[in-house]
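Participant: Below is one structure. I have some questions about it.
The values are calculated or read from the model by the stated rules, or taken from the named source; none is laboratory data. No experiment lies behind these values; they were computed from the predicted model shown. As a convention, Cβ positions derive from the backbone with ideal geometry for all residues, glycine included, and neighbour counts pool all protein chains shown. Protein only, heavy atoms only, side chains kept; ligands, DNA and RNA dropped before computing areas. Shrake-Rupley method; radii C 1.70, N 1.55, O 1.52, S 1.80 Å.
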Amino acid sequence: MKIILQGGLPRARRAELARAVAALLPGCRMGAVPGGFSAALPRPEKAADAVPAIENLPGVAAVTFTDAELCPRATAPGKKIFSSPLPFGRGPVFIAGPCAVEDGLSYLASAAALKAAGAHALRAAIFKPRSSPYAFQGLGWPGLKIIAAARQLTGLPLVTETTDPRQVGRLAAVCDVLQIGARNMRNYELLKEAAGSGRAVLLKRAMRSTLREWLLSAEYLLAHGAKKVALCERGDASPDGRGPLLNFALMAAAQKISGLPVLADPSHAARSRERAAVLAVQALRAGADGLLLEASAEPLSSRVDGRQTVDLKTFRAIAGTPCKKHR
Ligand code: PEP
Ligand code: MN
């Protein structure tokens, strides 16, 4: 961490501040940097409690951290995640399915057809956080037996969204990956519960959140016991409702800094199935480690997000896209 001092401090005050910082951070190694000094701790996360006191010392202008200091687990090299149940490392992974599970027959038909078209895992959402309180919120627990049946029918792993810590245990008993949606990226109690479930966690980036906030949420997962974590870039929604699309630069930065797999969700940024298909291919060409994609056998009859859900033919073409040489 760096402790940046206000300009023009007398030498004696600077020395006093260095001593005060050292006293607040037992075991730290101090050094000089332009504008102030650095303090390195063997366990940088141990600095968190001392930071408010350091910031409050008269003469201190700011305390800054690198990503590695703030997120030692999410930036640790070589931990590379997710060898199973999803086939990371052997090319991009395709998680496909309708936005929400709506009824048993149509879900099972889509699941089988998506497997045949190249899906490696199923979107299997039975709890849906919706912007409107009047919109369909998912089937809830009655949907659990439908997704379990889809798993049995296809053998594909299930990726399901959890919106509440009280759901985690029951979902984890049936599903392979717990998805933390964009709205819940900052729901720290949910992150902790999902982390302790023993299941892999797919963490979407919250709308308008920074790379650092995203990494800190991944850090929550890893610090609370998650062994397998992947990230998913889903784009931002702008106040005018049109929104910028996926942020490939951020996706690449997240891959580089964290070493975690980073998928892309082309569906929610696109808001149309034509644009979703274009974004999906762009994401793969930009090096996404996989896609979380809304796809179904009957997108025209979907109750939720049908207009951005691609059909089987389109999904098959996307799954066959030649990609950037994979990491
Ligand atoms: C989803 O993937 O089902 C979803 C709700 O997306 P997001 O959390 O990114 O809005
Ligand atoms: Mn959706």
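Participant: Within the bounds of the range 235-252, is there any residue that is in the same structural domain as V310 (by TED's automatic domain parsing), open to solvent by less than 20 Å² (accessible area, probe 1.4 Å) and away from ligand 2 (no atom under 16 Å from the Cβ)?
Facilitator: yes
Participant: Additional query: Which one is most open to solvent (accessible area, probe 1.4 Å) among residues in the range 86-141 that are without any contact (Cβ under 8 Å) to a residue 40 or more places away in the chain and of a type in the set (S, T, Y)?
Facilitator: This residue is Y134.
Participant: Can you tell me which residue among P322, P299 is in contact with an Asp or Glu (Cβ under 8 Å, 6 or more places away or on another chain) and either away from ligand 1 (no atom under 16 Å from the Cβ) or farther than 20 Å from P92 by Cα (or both)?
Facilitator: After ruling out the rest, the residue left standing is P299.
Participant: Let me ask something else about it. Of all the residues that make up the range 162-203, how many are open to solvent by 30 Å² or more (accessible area, probe 1.4 Å) and within 21 Å of G140 (Cβ to Cβ)?
Facilitator: 14
Participant: Residues of the range 278-312 being open to solvent by 20 Å² or more (accessible area, probe 1.4 Å), without any contact (Cβ under 8 Å) to a residue 60 or more places away in the chain and either more than 12 Å from ligand 2 (Cβ to nearest atom) or touching a strand residue (DSSP E or B) at 6+ places or on another chain (Cβ under 9 Å) (or both), which ones?
Facilitator: Across the range 278-312, the qualifying residues are V278, V281, Q282, R285, A286, L300, D311.
Participant: Residue under question is R170, and the condition is that it be over 17 Å from G259 (Cβ atoms) and under 15 Å from the mean Cα position of the chain (by Cα); does it hold?
Facilitator: No; evaluated as a whole, the condition is false for this residue.
Participant: Let me ask something else. Is there any pair linking a residue in the range 181-207 that is farther than 21 Å from F248 by Cα to one that is modelled with pLDDT under 95 and near ligand 1 (Cβ under 8 Å from one of its atoms), with Cβ under 8 Å and at least six apart or on different chains, and which?
Facilitator: N184/P129
Participant: Still on this structure, please answer the following. In the range 142-154, what residues are farther than 17 Å from R199 by Cα and surrounded by fewer than 16 Cβ atoms within 10 Å (Cβ to Cβ)?
Facilitator: Those that are farther than 17 Å from R199 by Cα and surrounded by fewer than 16 Cβ atoms within 10 Å (Cβ to Cβ): P142, K145, A149, Q152, L153.
Participant: Shifting gears a bit: Which one of D164, D176 is over 14 Å from the mean Cα position of the chain (by Cα), closer than 30 Å to A149 by Cβ, assigned by TED's automatic domain parsing to the domain that holds A125 and in contact (Cβ under 8 Å) with a residue 60 or more places away in the chain?
Facilitator: D176
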